[in-house]
1. Here are some residues: 51, 45, 55. Which one is surrounded by 16 or more Cβ atoms within 10 Å (Cβ to Cβ) and charged (D, E, K, R)?
2. If I ask for residues that are farther than 28 Å from residue 1 by Cβ and assigned to a helix (DSSP H, G or I), which ones from the stretch 58-71 would you list?
3. Would the stretch 44-55 turn up any residue that is in a helix (DSSP H, G or I) and modelled with pLDDT of 95 or more?
4. For the stretch 25-39: of the residues being of a type in the set (Gly, Ala, Ser) and assigned to a loop (DSSP other than H, G, I, E, B), which is farthest from the chain's Cα centre (by Cα)?
5. I'm trying to understand the selection: among the residues of the stretch 16-51, which are touching a strand residue (DSSP E or B) at 6+ places or on another chain (Cβ under 7 Å) and of a type in the set (Gly, Ala, Ser)?
Amino acid sequence: MPLKRCVLRDIRTLAQFYDELTRQLAFPPHFGRNLDALWDVLTGEVAGPFEIVWEQPAQAQANLGLDYAKLVTLLNDLAAERDDFTFTLR
């Protein structure tokens, strides 16, 4: 199966973060747009292999604040959980 790649650029809001993941990784319509729902979709509904590359993380951190830290923690935890997923900040 080919590698699916999601590239996050110029993320300014949490809604934009969820919109980009939903669009690029074809999330199901019932995705709840919160951390628990994000974990559930990424662990159970997105087939691997896939990767998320977050560009300009300093800008996103400034825009998202505490939400940024929570998202990065979740994505790092996901990378530890799934052998077919990688997460990169660049």
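1. Details: 45 fails: surrounded by 16 or more Cβ atoms within 10 Å (Cβ to Cβ); 55 fails: surrounded by 16 or more Cβ atoms within 10 Å (Cβ to Cβ).
51 is the lone residue from the list that is surrounded by 16 or more Cβ atoms within 10 Å (Cβ to Cβ) and charged (D, E, K, R).
2. Matches in the stretch 58-71: 58, 59, 60, 61, 62, 63, 64, 66, 67, 68, 69, 70.
3. yes
4. Only one residue tops the list, namely 32.
5. 48
The values are calculated or read from the model by the stated rules, or taken from the named source; none is laboratory data. Note that the structure is a prediction, hence the values are computed from the model and not measured. Cβ atoms come from the backbone with ideal geometry, glycine included; neighbour counts cover every protein chain shown.
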